[in-house]
1. With helices defined as uninterrupted DSSP H runs, which ones in chain A have an alpha carbon span along their own long axis of at least 30 Å and mean Kyte-Doolittle hydropathy of at least -0.5?
2. For a paramagnetic label modelled at 7 Å from the Cα of A:GLN243 toward its Cβ, which residues of region A:197-220 fall within the zone defined by backbone nitrogen distances under 16 Å?
3. I'd like the distance between the alpha-carbon centres of region C:129-197 and region B:261-279, rounded to an integer number of Å.
4. Calculate what fraction, in whole %, of the accessible area of the protein assembly as shown sits on carbon and sulfur atoms when a 1.4 Å probe is rolled over the protein chains.
5. Quick one: putting +1 on the C-beta of Lys and Arg, -1 on the C-beta of Asp and Glu, what dipole do you get for chain B around its Cα centre, in Debye to the nearest 20?
6. How long are the three semi-axes of the equivalent ellipsoid of region B:30-562, in whole Å, if each is the root of 5 times an eigenvalue of the C-alpha gyration tensor, listed from largest down?
7. Given the options A:ILE15, A:ILE326, A:ILE179, state which has the largest fluctuation in a GNM of chain A using a 10 Å cut-off (strictly under) for Cα springs.
8. Give me D for region B:263-413 in µm² s⁻¹, whole number, from Stokes-Einstein with Rh from the Kirkwood sum over alpha-carbon pairs, 37 °C and 0.692 mPa s.
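The values are calculated or read from the model by the stated rules, or taken from the named source; none is laboratory data. Here the structure is a predicted model, which means the values were calculated and not measured. Here the Cβ positions follow ideal geometry from the backbone for every residue, glycine too, while neighbour counts run over all protein chains shown. Heads up: the accessible areas ignore ligands, DNA and RNA and are worked out on the full protein's heavy atoms, side chains in. Shrake-Rupley method; radii C 1.70, N 1.55, O 1.52, S 1.80 Å.
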Amino acid sequence: MKLNRYAIYILVGAIFIAIGVFVGLTARVFPVAASAEAAAVDSLFNFMLAIAVVVFLIVEGGIIYSIIRFRRRAGDETDGAPIHGNTALEITWTAIPAVIVFVLSIYSYQVYVTIRNPEPKDNEVRVGVIGQQFAWKFTYEMPEDDDPEVTPEVRERIKQYMIDSTLYVPLNRPVRALIESQDVIHSFYIPEFRIKQDATPGRVSEAYFTPVQKGEWWVVCAELCGVGHAAMSQINRVVVLEQNEFDQYIAQLYAKAKETANDPRSPEVGKQLIVNKYACGACHVLDDAGLVGNIGPSLNGIATRAEGHAERGEGLVGGNDAAAYIRGSIVNPNLYLVPGYAAGIMPQNYGNPNVMSEDDLEAIVNYLLTIR
Amino acid sequence: MATTVQPRTAAVPKPRGIAKYFAWSIDHKVIGIQYIGLSFFFFLFGGLLAELIRIELLTPAASLMVDGGAYNTLFTMHGTIMIFLFVVPMLAGFGNYLVPLMLGQKDMAFPWLNAFAFWMLPPAGLIMLAGWLVGPAQAGWTSYFPLSGPQFSPFDGQTLWAISLHLIGASSILGAVNFIVTILNMRPPGMSIWQMPLFVWATLATSIIILVATPFLAGGLTLMLLDRLAGTSFFSPATGGDPLLWQNVFWFYSHPAVYIMVLPAMGILSEVLSVHARKPVFGYRFIALSSLAIGFLGCIVWGHHMFTSLASWARIPFMLTTMLIAVPTGVKMFSWIGTLWGGKIRFTSAMLFALGFLSMFVLGGITGVFLASVPVDIHLHDTYFVVAHFHFVLFGGSVFAIFAGLYHWFPKMSGRMLNERLGKIHFALTYVGFFLTFFPMHFLGLEGMPRRIYTYDPKYEALNALSTIGALIMAVAVVPFLVNVAVSLVAGKPAGKNPWRALTLEWTVSSPPPEHNFDEPPIPASDPYGYGTPEGAAYLASGGKVALPVSAHGHAHDQPIERPATGD
Amino acid sequence: MTANFAQMQTAFDHEQLQREQALKNARLGLLLWRFANGMAFVFFIFANLLMRNVQPSWPPPGVERLPIGLPLAITLIILLSGAAASRVLKAVRANEFGRAVRFGMATLGLGGLFFVGLLAAGAQVTPSGAYSSIVWAMQFFHGLHVVVASLLLGVVLLGVGRGRYSAERHWGVEASVVFWHFVDAMWIIFFLFIYVL
């Protein structure tokens, strides 16, 4: 009789463990594992899942069994057995979870060390990640250039245009992302790479990943950053390229940056800046540049409207013409509010030359003056 | 100072009937019901906000909201109200009503202070709601800087939010002092600390956590107000401040706050399970001590909310402490199943909700271990997996326990039984609706859907729709409960002293108890969970007049003690 | 055992027992309050340490260290006030109420002097972002406690003057003196974290 009962316990336990192992081996609950780190995290998760399933089954099984087996039968007014406890059993179910979490801690620590290795690697690619309300932008290291005209000063000027709204990374090379924020806290998150790191203003944070699959995914913002937080998760893409494609991309970006540095205030440069560097499309509509945001007012026909505002003297900065209205709307957006839009939604720090340089501002103003 | 220790007698005529719940009263039973009533109002209000959230999320595009700001306000207020104006005061209400009764006392140690602590809450609630008049807070209930700072949240609602939480925090500290003094100093003769009901143990552990952690909330809010109003720079990086300072101090309070919301719920559970399964609580000491262990560990794990912002090395110790919490929590789960094992389970509404807690809370506990693991959390942090996890803990845990407690003690508080059929409908709808709402969120999070967004990638649509359907079922579920309470208050079956044949002291007096609680000093049962023992049966048979002197583990001495005749 | 219960029974409504119970409760209540209040002081130290952590040095580069003379002086003053406060309790316990009031006035006077000194110490700080913010906040927080402790002691001293207390029953005096000591002790710790460390 007694032997039978233990035999049943062991049998049920074996079934639960078998189910747990099966679930742990077969469950595919994550998006595609596109980085080397993702595989390690997924294995850890599935290992934990197997244990979790067994624990879950034991607990729920115990509850369901008790409900059925120990329900009060009709007419039975007696009490249950006066069992106050069983010290050996209690110590057991204190000790077993302790061992489990100890094992999980060690395993988690090992995975953590492998996926987060801050030691610089020889072949690593460095990219800059900058969060702003409400888009990401990405900066790249400049390739070598033996053009004698490119002095260190010129290089410094070119550097500020090595920026894009899409994150391109090469396949099978470790990437070190240096993450910053211009305003509030954002969180740099690519689900397919299983990486997430907050972009905290005032400090540079790092994230590491090695893409192992070609493809294109969203760069998500995981930390609440204001009215446009939802939009910020569907603005920027990460694209994994072959090494030669990546080199080509960097060469093109550099060539364009070099061109821009020569004529930094032209309308063409302004258009690029609006699209790539300042990500105005996160909030504004502008058909000419393909912007589709819906948080702020439309920029279509802005030049014509700006003339009207200039005549009425609304929101002008550095002059009294249409350009002054556009400039004012960028560097001091609360000066004049388009009806229906609240103060404080547009980034308030474009008046700071460290955030938006004089050249960039004028290029954007020049470009927007062409939007009639 | 001197005034609070003097017993006070009101000189003005006391309001009677329902009016007394809207007036100043120092009777702990009135105050307890005031807490419960006020927080239930906020439960309905916060629930309404949650329904709006779920309706917005039915489709990937914006449907209900004019912009993200309106949506941010919704979840900010939903979170803040549910935590600070519903769960915390609701459980404080149970504590106020039950602790003095369970300890055989006339009142709390400081009745006046008790009333004062309660009356800080209605103004706090009004200040919170007044946010809508001046531009409400929309930086989330976590209110991270710089988003909640003066530059990015120029709405006065954010300031009112901080002031309101300040009041609630102060109220909570005063309440905790009162509970600890009452529990440590005012146990009746014959009740050692190891014979206290487990709800009292849980309240003691909770109050200790409040004393340790809540001052940090007060301090953090003070700095927030200074930054917003006086132009200081604690959190602003431009002037040398640090946004992570806010995260550290906020979570130093807000993680323990989870245990402030869960431990008393666990206390309720121990009472309800034991009474309705007609069996002693299994492993009394382990359950009692695990409350203290959870309380202690709960104060050193706050960093796990910052696994994506904390320095790399600092994440590891927080992972270890967080993992450890699974151990005392597991002890409680297993002990409760041990309590059911071999019982004679009665499927009352109270018991159903308690079983609902057991079966759902375990999921919240297990997903907590996943989130404790740094590499896994890096992927899951701030996704819907976290939303699912804490709703399984706070709804599947605390709210189920609160309903279990309401069904269990409503007869004591009102003198009338609740209708069991309506109660079972309420349970079934809540259970199904809850599971349908929050279970799919695990998968949304695993796939990478971030939280706090009102438009989302269409690939998440199906699971979100399922979740919204669940939320609507939960909204419907409240109706039978409200009808039940309204009808039963007037026409419910009279409850009598002890409808559940329970052994704790609150059941030895009439329902509702007289104002002074006990006509004569009560004799506590030697074992508050001695169901199925001869001593327990004798105690019940005598209506609480006879207690056998036994130790907590049921070794009876020879002679029963009888109350000396007092002339009745 | 039976006899014991009977004794408890007869003592239930006994006034003396109730008063003892109330005093016991009040003492524990005040102890717990000091603990919670102390945690708020710990909070400011915690904030102070975290703010140092993000700076290359403390005070941050370009900010001068605060002069220590005045703070040291007011620290001595508050220590003296604490000694005077102890005498208040002693005098009440010896039924010497006149003496108690005189020492109480001395305590309040020294407290007032400390408060003025604290204001002057606050004025020594020049606005410098994070550093001045935390120093002012700590001074402000402690100053607030000095004000509350003074009000408490003041009200109690009025009571002493009117003969509200006796050598046997003087919980109000005890509470206000104990709280005064608490505020003293907190200043010593704050002094270390603001000016020394």
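1. Membrane-span-like by this criterion, though nothing is claimed about a membrane: A:2-26, A:36-69, A:87-115.
2. Under cut-off, by backbone N: A:210-214.
3. So the two Cα centres are separated by 43 Å.
4. Carbon and sulfur: 65 percent of the exposed surface of the protein assembly as shown.
5. Approximately 1080 debye in magnitude.
6. Computed over region B:30-562, the values are 39, 25, 23 Å.
7. A:ILE15
8. 203 µm²/s
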